[in-house]
Structures are given as C-alpha cells and as structure tokens.
Amino acid sequence: MESFQSLSECASLPRNMIENSMFEEEPDVVDLAKEPTTYPLEPDDVVYEPRSSRLLVRGLGENELDEEEEDYESSARLLGMSFMNRSSSLRSNSSPYGGQVAGRACSFPSARSLLVGAFVLVVVASVAMVIYFLPKCTFTKEGCHKANQSMALIYPIASKGQLFPWTSMRLPRAVSPVHYDLTLQPNLTTMKFTGSVTITVKVNEDTKNVVLHSSGLDISKISIRPVKENQPKPAQYVEYHPWQQIAVQCPETLQKGRSYDLKLEYSANLSDSYYGFYKSSYRDKDGEQRWLAATQFEPLAARMAFPCFDEPAFKATFLIKINRDKEYISLSNMPKNKTILVSGGFYQDVFDKSVTMSTYLVAFIVADFKNISMEANGTLVSVYAVPDKLDQVNHALETAIKLLDFYNCYFQMPYPLQKLDLVAIPDFQAGAMENWGLITFRETSLMYDNTSSLLDKQLVTIVIAHELAHQWFGNLVTMEWWNDLWLNEGFATFMEYMSIERIFPDLNVGDDFLAMRFRAMGKDSLNSSHPITNQVATAEQVEEMFDSVSYEKGASILLMLKSLLTEEQFQKGVVHYLRQHKNANTQSEDLWASMSQFTKKANITELMKSWTLQKGFPLVTVTRNGTKMTLQQERFLLSVANSSSSSSSYLWQVPLTSINSSCSNASSCKSVILLKEQSATIYVPEEVQWVKFNIDMEGFYMVHYGEDGWRDLIILLKSNHSALSYQDRASLISDIFGLARLGKVSIQQVLNLTCYLVNETSTPPVTEALLQLNHIYRLLDKRGLLQLTARMKAYILELFEKLIANQSWNEEVSITQQKLRSSLLGTACSYNHEICIEKAKNIFLNWTKSPANVSIPADLMRTVFTVGIRHCDGWDSVLVAYSNSSFEAEREKMLQALASSADIRKLIWLMQTSLNGEDVRTQELPLILTTISKNFEGHLYAWGFVKENWDKIIKKFNLGSFAIHNIVMGTTSEFSTQAHLFEVKNFFGSLKDKGSQLRSVREAVETIQLNIQWMDRNVEALSHSL
C-alpha cells in the first residue's frame, strides 16, 4: 500500500479545496452552486467554504438578516443556485474577462450582442425592482409578506417531489409535544424493529402542518385527532431528508390552544452504527454470539428510533412499552410497571410514565443482561452487565451509591426517580451516556476487578461521577440549545472532580484536573477553537460541540469562579440555579444570574461573559521595574507567521492571583486582583526576589514573566523548587513550553528551566515535562533528523535517569506513584533504555511461560506487553491473551501494545480487522489509529489507512463526533513538512460534505502549520543546545 503521494504525483486540485483562507470562519459570501475548475492550481489558490458560512443575498443588507444563521443557509440550499458566483470555473478560454493573448488586439462585441445583453439586463433589473420595491414587502426567511397580498414562499423540494412546508433546520414552534406513548418491538433475528408512537401535541399557532424529526424510518400510517375524541382522521406526510424532518399534512387546520393526538406507525432496521436504536453483540463463555439492542440518542439520534421533536427545548413525558422474546429483559428510563403477554407470544414490558425530559435522554435496552442491586435513600441502584462479567461491577455499585448520596446533599434536591440503572454495553462509542435513570457505559468505563490498576479504578469512578452529576445538570435542568452544551458537560466535568475529592480523596483526582486544564489550553490556543457558547446549526456542528472546550474549558472556568467566591457562595448559586429552573431549559445567563445572587465581589455576569463569549484565553505579561510591576493582557494565540488572525479586540476580566518570595504560603499570602483592562500596575516590596502568578493554576490563563522574571523563577527552581507547590511547578513548565511555541521565549530558556527536573519527584511536573519533551522528540523523529533525535532522547533520559532507576517493578499501593512510574518506565522503554528493556523482557517471558501464575502490575502492563511484542516476538502471545481475556481494562492495555508493533503487516491487519469489527471491535479504531501514529514505523500507514477507508469510517462514526476528531488529529498532528500539509489539505478539501467542513480538519491543518513553524524556528537552536 502506498502511504501517500508525493507532490508531483498529486492530481490536479479543484479550486474549492485549499487556500490560505481555507479555514476562515465565516466568509461573507458563499457560492453553493460552484463547479470545480478543471485545471491545476497552486495549493494556496483554492477556496474552502464551511457549510456554516453566512449567505448574503444581493439586495439585502447584513443587518436585515435574522439571527438564526442556519435559516439563510437553508434558503440558499433550497434555491439550488448561487446569488453571487465568485467562481471562475464557468469562464471559457475565450471569455473577455480572461487574460489577453499576447500580440492580439482587444475585440469589441457586435451590435447584436450589445442589444441582446442590454435587453437581458433590463429584464433582470425590472424583476429585481418589482420584488424589492413592493409596498410593505419584507423579504425574510419565510418569504415575502405583505398586507392583503400573499406571495408563494420558497420551500425545499421533499423526497416525493412535493414542496416541504418549512425552511429551517430548527423546528417551528407552532406545535409542541406534551406526551409520547411509544411502543417498540425489536427482532434480534432479522435485526429490524417496528414501532408505534402517539404524540400529544399542544397547538401554539393555527397550522395545517406538524413538522417533526424522523431519520431512516419507514412510516406506514399516520392519523390525528383532537384529544378525547374517538375518530382519528388519516393524514399524509412529506419528508425532507437533508434535515431529517417530516411534515404531517393534517386534513383540517389545528386550532391554537387545543391539543391533538398524532399517531405514527413505522418500521426500520436496527442501526449498524453506534447511534439511534442499534444492534450489538458479545460472545459468552462458550463462544456463542449473543445479540442485544441498545440506544444512544445524544445529540440527534432519537429521531432514528421514533418520530419526535428532537430538540432539547421540546421537553415532554414518555410512556414506553417494549415487546420482547421471553429470554430477554428490557430496560428503560423508568421502573417497570408490569409485563403482559401480547400477540405473537411476545412479552410486553410497560414502564411508568416518565418525568418531563428531552428526547435525547430517552433510552431502552433489550438484552440478556444480569444485575446486582442495592437500595439507597429510597432509590434502587442497579448495575447490569453481560452475565460472564457481572463479578466486575461491584465497585461501580458501591461508587454510585456513595456519589448519589453526595449529590443529593450538595444540590439540596433529591434524585427524582425511584431507580437508577448503570448498564455496561459491549459496543459503545462514548465513555458513557447520562440517560435519565438508565445510564449506559462502555465496559471499560464501568468494570473494575483485581487485575485492574488504581488508575483504572480512578477512571471508572470519574466516569460514574460525571454521569451522576448529569442527572441534575443536563437532565433536571437542560440547556436550551446545543450552543450552550457546556452547561451540561462543563458542569458535569467540574462536579466529577469536586465530588471525588470529597468522597474518594485517595484517588487524587486533583492531579488529573490539573493536567486536563493544560490540555484544554493547548486546544484553546488555536485559531480553530471556538467560544464556550457558540452558534451551531448543522448536525456536524452540533456533534463538534462535544469537545475539549465544552467539557474541559467549561470545567476550568467554573473552578476559576469557585476560587474567586467562597465555597458557600458557590454552592448557594448552584442550588438556586437548579431550583429556579427545575424541569426547564436554560442559557448561560441564567447560571450567572443565580451566582450573582450571593456575592458582591464582582459583576459575575460580565466577568463570566468575557470567558464564554470569546474564544481563547489571556496571556498576562509581567514587567518589573523595581517595586513597580506592569501587567498587560493579550490573547494567547498560536498563529502562523504572516497570518491575518488578530487578537487585539480580545479582553478578559482576569482573577489574577499571586504569591512572592516574602510570603509564599498560598493559603495565607495569596493576593487577588481583577484585571479588567488591557493593562494595570501593582507594587511589590523592594526585597521581593520573585513573584509567581496564577496560584495552583486555578485561573485559565498563562503568564509571561519576561527575561528577568523567568531568570528569577528558574534560579528558585534549581535552588529550592519546593518553595513552590507542585501545581505551580507544573504550570511553570506548561507555560514556558507554550511561550516557546508562541515565540516569546527561546528553546534555550526552556531547556534551562527543565534542568531542575533532575531533582523533581512529584508526579504532575514530571508528567507534564515528559509530555512536552516527548512531543518534541516525536516531531524530530518523524522529520528523520536522526542525530538530533538521538541527542534529544539522551537528554530526556539524562534528566530522569535517577528517577527511572528508583522505580519499582512490583505492585504499588499509591495511585500517584503508579502514575509516575507508568509514565517514566513507558518513556524509558520506548527509548530502548537498556535496564528498562531487560526488566520488562524478563517479566514478559515469565508471563508467556505461565500466564496464570505470573502477575504483571496493571499500571505496567502496556509497557511490558509493548516490549514483549517489539523485542521478544510476542505478538501472537499477546493477541491470544487479548482474545481470551474477559477483563476490559486488561484488554485495552494489550490492544495498545499490539498497536505499538514495528511490524507493518501486523499493524495493517489490526486496523483492518477493527474497521470490520471482527476480532477487535470497531469502537477501538480511534485508539488503534492514534497509537500507531505515535510510532515512526506506522504513522504514515495509519494516515494512508484513513484516506483509503474514509467513506467506511464515517458510516461507523458520525461526522463531527469525538471519534472522528481523534482519528483526524491522531493521524496528522505530528506532521511537520510542507508535503504533508499539502497532502492533508488536498485530501480533506476533496471530501466536500463528507468532511471538508469539519473543525477538526481546520485544527489539523493549523497544527501542521504550527509544527512546521516550530521546526523552522527551533531545530538549529536545539542542535546547538543539546
């Protein structure tokens, strides 16, 4: 297989593929009917236009457009034409607008041509003027409205060639659902299901059409009747597939203020992907394949299981009935009310009527699972799994009960349901899903046993804490639209860390929260990032909101707010928010309004808006002159030289904390000021030798101390690093590497600071330094700079030689120590450190002789298995063990080791078998591709595999999903050449609506450009310094 084409081998590129402005966020004009050119262009000559681009219609000012940008895009797509054609592809070679041929005089058009052209212009101008100057006529997304006169609206063409009576991707508000009565019957032999749903709707405006969502459903019958009347009337429907909408055409006008029952009967296939109502399977201990059906509806997939109003604000109640074979059980959000025998020998499980909730939280499962249960404060908590793995869920049950009790107390509002089920699904793309009363998990996120490490236990606990927090933040109170997804995910992420610190302090999750903030800053420093609250319209844009900004940055700014307030004030604000908006939908302003009730320290709304409504974060530069310190803020933006990105208009309200050499105890000496302006001045005593800002990295900003300030802090680290907390030491490492990427400090300064690490023993500073240094090593390695790569490797091993030698290969009881040694020994063995390799080989060879009797410390399994595969020809042994193991945490470590092989044929087999879902589940493909891409031997093959199989990949994983993001970034993020940049642009640019519009593509291109820039700036200096 050819991994990639050289520049000379690349096909001619269409004009809409690549350009320097390829990823500008919102071009003012889009051409939806543009045809590609047929002649080759330079890579910087080609235009990329995101699907979310604003459309300006000739004759309309921008200010006249409605706020919902998706409506403009919708109207343009419906017209099927371009209002402003910027393409030159329609020009022929003889066009008078083309370049002149040398030596030939300009030709003048004939009189006949002039007359015809003038006539056409007059006709076009006349029509435009009639439309534009019609009295009292306003051209809007709904058409031209005029008193006592109507004009045909512009509607899309539905699937049957009829007009579709709605022009927006968002549903109309003419009717709203009140209640769903849903009956489903899955067939786990034919892999199909039938369904019937009766939706009680309330009419808010007179209408003859009910527009709702449906995707992939074969609707066979529709009827409608006023509530409490017995004679339903048949109705027809039309469908518009691009927006996954149907419009039920009612026989009579539905009257405002009345309620109606809308009944739809349908059938469909169980989904082959991880969305909607999908099929899954596993093999039992006898090797027999067992089938089940489960759901994953967030964000936009409830419509794949039943016709519904599939937007968060359309909350309703649900009565769910599941018909099943007797050998299965069924589960749903609510407790089972009764089971009855129905026609065909099926059993029908009838569940209690639900609380009011959004469609994306509805869930149901049909499977042969077993469970363990325990009652806690009136709630029956149960954990379900495949029968052979039920012994691995005891920790999950105990953890769920403890965390449920904590949240009941903290939120001062009891969990509202009578039961809470946690279910491990064999095929599951996400880590977990917070369906109300029926939380679903990937098996690795719920199962823990004696072969697992404390790190595995920490992961399971974190995921459970996150999903339980959602039962309040997300389920009880829900964001109004996906643009405020962070209200769900940011808060659940913040609460997962806060709750575990209180209930399970031995798991030491504070260090993970610190590392998470570093990761979030790395993503948010790119121009391809987005504000926390961000306008979204298309399905891909909604999917893309489930990212680092919504989760990690959202949690980070909540930590910053909490550190500004007192514990009591913060908790009161949270409780007020939940009580005020119980069972309702909210926007970010509602949270800030609740928080503002309990503090006078600052204008919370204005402060937090500066963090949610603009992307990025501030860099605070400190300049000292004697006792005077000048503080200046600007956006920390990693930009390519000569780019047009500007950060001058960005301004944050920054809670700036600091300690200094005269008083370095953070709990008693911490100083706080609110930096609201571009610059400010503070004063410190003359005797102060150093000042450290952003104490314990609680603020979401970086600090640049200038050459003198960094010199003072580096001297401190080398002489007495314990004068600063380990959080502050880790943040200094993160900041200086970030500033080097920005070009604010030299690589020599970075290496000077890292010299102190020979004396560092705390986990967060060491792991952050390893992450940064290993990234540089891999960039050099993949550029083929062999001598410099070898010197970089030697430098890293020298820094940590003493610490590596001190690591034990036996069982460790401290989670902090496990994390430290797994990072250190993993790095050492990957660099062929002689002692590390020998120790790992001995353990591996002993394990192959007697797997049942040799115990490998769980946190070292991946390292040991990787060494065994690369140095002991151990691929087959590990693959057999992977296939036979029933412990998911262990299987994941084995899979990562298999993906670290240097044998290209085996790597290709592993990628292909995962894509096909044969010996390895397809859900593991992103992990496999990312792992292969980290190593030199396989990284080009992983990228080639993605290109060759893109169409298959996006059938399994939704465009815009986190899985697609991981695949795109995992396989491209360490490219650093112009050839690879051109190739990545070329490939994704050619995909059009199959991926070219993705934010992850913009991030990938931007990352490669920054890698190229970093290498150009630093390779020579690095070669002199090492």
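The values are calculated or read from the model by the stated rules, or taken from the named source; none is laboratory data. Treat the numbers as computed from the prediction; the structure is a model and nothing was measured. Cβ: placed from backbone, ideal geometry, glycine included. Neighbour counts: every protein chain shown. Please note that ligands, DNA and RNA were not included when accessible areas were found on the heavy atoms of the full protein model with its side chains. Shrake-Rupley method; radii C 1.70, N 1.55, O 1.52, S 1.80 Å.
Brief remarks on what is shown
- Considering residues of region 539-566 that are closer than 30 Å to S214 by Cα and not in a helix (DSSP H, G or I) only, the residue least open to solvent (accessible area, probe 1.4 Å): M545
- Here I401 fulfils each of the conditions (1) within 26 Å of M479 (Cβ to Cβ); (2) within 29 Å of the chain's Cα centre (by Cα) apart from (1).
- With a requirement of 3 or more residues that are of a type outside the set (G, A, S), open to solvent by less than 50 Å² (accessible area, probe 1.4 Å) and within 30 Å of H980 (Cα to Cα), the helices (runs of 4 or more DSSP H) lying completely within region 864-939 that satisfy it span 888-898, 904-916, 925-934.
- Only one of Y497, Y407 that is in a helix (DSSP H, G or I), open to solvent by 10 Å² or more (accessible area, probe 1.4 Å), hydroxyl-bearing (S, T, Y) and modelled with pLDDT of 95 or more: Y497
- Condition check for E983: open to solvent by 20 Å² or more (accessible area, probe 1.4 Å), over 16 Å from L895 (Cα atoms) and either in contact (Cβ under 8 Å) with a residue 40 or more places away in the chain or in a loop (DSSP other than H, G, I, E, B) (or both): no
- Taking the criterion of being part of a helix (DSSP H, G or I), open to solvent by 50 Å² or more (accessible area, probe 1.4 Å) and within 30 Å of S176 (Cβ to Cβ), no residue of region 335-363 qualifies.
- Residue pairs meeting the criteria (Cβ under 6 Å; at least 6 apart or on separate chains; first in a loop (DSSP other than H, G, I, E, B), in region 182-202; second open to solvent by less than 30 Å² (accessible area, probe 1.4 Å)): M191/L270
- Positions within region 203-214 being in contact with a helix residue (DSSP H, G or I) (Cβ under 7 Å, 6 or more places away or on another chain) and either part of a loop (DSSP other than H, G, I, E, B) or among the acidic types (D, E) (or both), in sequence order: S214
- The residue that is farthest from S610 (Cα to Cα), counting only those in region 576-588 that are within 23 Å of the chain's Cα centre (by Cα) and open to solvent by 30 Å² or more (accessible area, probe 1.4 Å), is N585.
- Summed over region 599-636, residues that are assigned to a loop (DSSP other than H, G, I, E, B), at negative phi, modelled with pLDDT of 95 or more and touching a Leu at 6+ places or on another chain (Cβ under 8 Å) total 1.
- Any hit, region 215-236, residues being open to solvent by 60 Å² or more (accessible area, probe 1.4 Å), touching a residue at least 12 places away in the same chain (Cβ under 8 Å), at positive phi and not in a strand (DSSP E or B): yes
- Within the option set F988, F975, being of a type in the set (F, W, Y), modelled with pLDDT of 95 or more, open to solvent by less than 20 Å² (accessible area, probe 1.4 Å) and assigned to a helix (DSSP H, G or I) holds for one residue only, F988.
- Any hit, region 293-301, residues being open to solvent by 10 Å² or more (accessible area, probe 1.4 Å), over 28 Å from T478 (Cβ atoms) and assigned to a loop (DSSP other than H, G, I, E, B): no
- Assessment of region 482-491 against the conditions (outside any helix (DSSP H, G or I), under 27 Å from the mean Cα position of the chain (by Cα), touching a residue at least 12 places away in the same chain (Cβ under 8 Å) and surrounded by 21 or more Cβ atoms within 10 Å (Cβ to Cβ)) yields at least one matching residue.
- Taken over region 714-744, residues that are outside any helix (DSSP H, G or I), of a type in the set (A, V, I, L, M, F, W, C) and open to solvent by 10 Å² or more (accessible area, probe 1.4 Å) amount to 0.
- So D286, is it surrounded by fewer than 20 Cβ atoms within 10 Å (Cβ to Cβ) and at pLDDT below 95: yes
- Members of region 807-816 found to be more than 30 Å from the chain's Cα centre (by Cα), more than 12 Å from M861 (Cα to Cα) and open to solvent by 30 Å² or more (accessible area, probe 1.4 Å), listed by number: S808, E812, V813, S814
- Unmet criterion (only one of (1) within 27 Å of Q541 (Cβ to Cβ); (2) surrounded by fewer than 22 Cβ atoms within 10 Å (Cβ to Cβ)) for R999: (2)
- Of all the listed residues (V366, V393, V386, V381), the sole one being open to solvent by less than 10 Å² (accessible area, probe 1.4 Å) and in contact with a Leu (Cβ under 6 Å, 6 or more places away or on another chain) is V381.
- Selection count, region 372-393, where residues are closer than 26 Å to D284 by Cα, touching a residue at least 40 places away in the same chain (Cβ under 8 Å) and not small (G, A, S): 10
- Yes/no for L907 being touching a residue at least 24 places away in the same chain (Cβ under 8 Å), more than 17 Å from M969 (Cβ to Cβ), in contact with a Gly (Cβ under 7 Å, 6 or more places away or on another chain) and not β-branched (V, I, T): yes
- Candidates L619, L638, L631, filtered to the one that is open to solvent by less than 50 Å² (accessible area, probe 1.4 Å), free of Cβ contacts under 8 Å to residues at least 60 places away in the same chain and either closer than 24 Å to F737 by Cβ or charged (D, E, K, R) (or both): L631
- Scanning region 435-454 for residues that are outside any helix (DSSP H, G or I) and open to solvent by 10 Å² or more (accessible area, probe 1.4 Å) returns R442, Y448, D449, N450, T451, S452.
- The single condition among (1) part of a helix (DSSP H, G or I); (2) surrounded by fewer than 23 Cβ atoms within 10 Å (Cβ to Cβ); (3) out of contact with any Phe, Trp or Tyr (no Cβ under 8 Å at 6 or more places or on another chain); (4) in contact (Cβ under 8 Å) with a residue 40 or more places away in the chain that G970 does not satisfy is (2).
- Taken as a whole, the condition of being in contact with a Phe, Trp or Tyr (Cβ under 9 Å, 6 or more places away or on another chain), over 30 Å from F737 (Cβ atoms), open to solvent by less than 50 Å² (accessible area, probe 1.4 Å) and assigned to a helix (DSSP H, G or I) does not apply to I776.
- Some residue of region 853-862 being modelled with pLDDT of 95 or more, open to solvent by 40 Å² or more (accessible area, probe 1.4 Å), of a type outside the set (D, E, K, R) and over 30 Å from V509 (Cα atoms): no
- Residues being open to solvent by less than 60 Å² (accessible area, probe 1.4 Å) and under 17 Å from E1020 (Cα atoms) - total across region 782-806: 9
- Residue check for A852: at negative phi and assigned to a loop (DSSP other than H, G, I, E, B): yes
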